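One structure is given below, encoded as structure tokens.
Nothing in this text is a laboratory measurement; each read-out follows from the coordinates by a stated rule. What you are looking at is a predicted structure, and each value in this text was computed from that prediction instead of being measured. Using ideal geometry, Cβ is built from the backbone for each residue, glycine included, and neighbour counts are taken over all protein chains shown.
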Amino acid sequence: MVIVGAQWGDEGKGKIVHFLSERAQDIVRYQGGNNAGHTVIHKKEKFALHLIPAGVLFPTKRGIIGNGVVVEPRGFLEEVNFLKSKGISLKGRLFLSLGAHVVLPHHLLLDAAHESESRPIGTTKKGIGPCYTDKAARCGVQLVDYLNKDMFPSLLDQALKRNAPEIEYCGGSVETLRKQSLEGQREFAEQLKAFCADTVDLVQTSLQKKRWVLFEGAQGIALDLDLGTYPFVTSSNTVAGGACAGAGVGPTQIEDVMGVTKAYVTRIGTGPFPTEMPTSVGDELREKGQEYGATTGRPRRIGWLDLVQLKRGIRMGGIKHLAMTKLDTLSDVDSLKVCVGYQYKGKTLKEYPLSFAVFETVEPVYREFPGFSGDLGVMRKWTQIPLNARKYVEWVEKYLETPISLVSVGREREATIVRDAASRWLN
Ligand code: GDP
Ligand code: IMO
Ligand code: MG
């Protein structure tokens, strides 16, 4: 099963993957890098994971980082050591694809430099875009070659030669970056080696043995490079289909896709966001929901649930059911709104405009619902949830023609209500 963010990221994928991981055997990341920040509460302790799949917090689960992920060696090893310091040993159960591309110092420099240009994307500055750029330009470095000290310098030189005009334009020094990359390789390669494997073989063998493999998406569908709000997107395929190329599985091997949506929307970075709330309401929800980026600490932009966006996400993701998170955060909001269309030049659009210039100017058409109150965080049964909250979820589910199988009402695993016990994954 693929767990995919159905909005602009930070939907609570980490929490849902952690919830489901107890039933899974392998948890696989397939795209993105340490731009992701998945916060999980495990045994009352908070973990912000960036590259390592959330399921590894359970001692018998295997974590796999697939070929579609881009890996920053220092960040990866820091995360491994952090988990080790918490008593979580990953020896023999965390695997890094030899085909994954390495985020190098020039990627970090270029990412930061591009962000100071006239149309910033608001990236996480983790070098993700420039690393995928080198990959597509066929001058990137895969882990298999990073580990080979005889091979790496010539590949690095090729990448730096291609990027030299831009590096110099951005005020960087090719020589300094070369030195940093070589030093990094000497420091990290041996430590990385212990985790490296042919992860395609691992995943395929698991599927053959009918083990339950959970694919953990990063970011969200609206940030997909091909299908999102381009150019305000990330540089990988965040849709569920990304799991195929990013982990080496075929579409026929994916049995199920679950989309994760918040009960409202957040977005970090720039780009159109039609349902963004006025600050008076947004600021309150940001504090209540602790809506600050797990990777950068930036305040998240807050908006009403956008069903035009979500409907498109469901179709593009092949999403069969949804997990809705943070319903508890909407408690005590007087009146709830959901967007069911966009007004543009006097017409109501039911579909997502493809031009970002149009998307930036549309006005949302809302449907309003009465609010609800109460401490949902302590409720464990659907029937305990206030009637107006249930009506809100049920209306959304009907409108989207997609079951909301899980409803999350708090950060901890226990604060999860299973509404569709018939699903074979949720039993
Ligand atoms: P991800 O990137 O999709 O994994 O999401 P993040 O971890 O970046 O952001 C989601 C935040 O909401 C995290 O701090 C979670 O601990 C928290 N969270 C997840 N589900 C719930 C929920 O149902 N209620 C509340 N109050 N917090 C939640
Ligand atoms: P998780 O997995 C939310 C956003 C950035 C920026 C755009 C491009 O925690 O949901 P990048 O650094 O990827 O080149 O930035 O994408 N972004 C995220 N927003 N959650 C994330 O990950 C994100 N990863 C990247 O804010 O707008
Ligand atoms: Mg996040």
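Quick look at the numbers
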{"quantity": "³J(HN,Hα), Karplus 6.51/-1.76/1.60, whole Hz, each residue of region 72-80, x for Gly, Pro", "calculated": "8, x, 5, x, 4, 5, 4, 5, 4"}
{"quantity": "Per-peptide average of other Cβ atoms within 10 Å, ordering 182-191, 32-41, 133-142, 59-68 highest first", "calculated": "32-41, 59-68, 133-142, 182-191"}
{"quantity": "Theoretical ellipticity at 222 nm over the chain - DSSP helices of four or more residues, -39500 (n - 2.57) apiece, nearest 500", "calculated": "-10000 deg cm²/dmol"}
{"quantity": "Degrees, to the nearest 10: 387-400 long Cα axis against longest axis of the chain", "calculated": "60 degrees"}
{"quantity": "Amide hydrogen neighbours beyond the local backbone of GLN343, cut-off 5 Å, H modeled", "calculated": "LEU349, GLU363, VAL365"}
{"quantity": "Gap separating the Cα centres of region 361-400 and region 41-61, nearest whole Å", "calculated": "29 Å"}
{"quantity": "Over 27 Å between alpha carbons, listed pairs LYS125/LYS320; LYS43/LYS326; LYS46/LYS125; LYS46/LYS326", "calculated": "LYS125/LYS320"}
{"quantity": "Proximal lysines to LYS91, defined as alpha-carbon separation beneath 20 angstrom and excluding residues fewer than eight positions away on the same chain", "calculated": "LYS61, LYS193"}
{"quantity": "Global form of region 282-381, assessed from the alpha-carbon gyration tensor, a/c cut-off 1.5", "calculated": "prolate"}
{"quantity": "The chain, relative contact order in percent, only Cα pairs under 8 angstrom and at least six apart counted", "calculated": "20 percent"}
{"quantity": "Among SER373, SER181, SER154: highest mean-square fluctuation, GNM of the chain, C-alpha pairs under 10 Å", "calculated": "SER154"}
{"quantity": "Gaussian network model of the chain, springs between alpha carbon atoms under 10 Å - residue of PHE76, PHE19, PHE369 with greatest fluctuation", "calculated": "PHE369"}
{"quantity": "Region 72-143 versus region 288-326: alpha-carbon centroid distance in Å", "calculated": "24 Å"}
{"quantity": "Size of electric dipole in the chain: Cβ of Lys, Arg +1 and of Asp, Glu -1, about Cα centre, debye, nearest 20", "calculated": "1040 debye"}
{"quantity": "Cα long-axis angle, helix 152-169 against the chain (0 to 90 degrees, to the nearest 10)", "calculated": "70 degrees"}
{"quantity": "Between 0 and 90°, nearest 10: helix 307-317 axis offset from the chain longest Cα axis", "calculated": "50 degrees"}
{"quantity": "From phi via Karplus (6.51, -1.76, 1.60), per-residue ³J(HN,Hα) for region 404-414 in Hz, x at Gly/Pro", "calculated": "9, 7, 10, 10, 9, 10, x, 6, 6, 4, 4"}
{"quantity": "For TYR352, TYR264, order by how many other beta-carbon atoms lie within 10 Å, fewest first", "calculated": "TYR352, TYR264"}
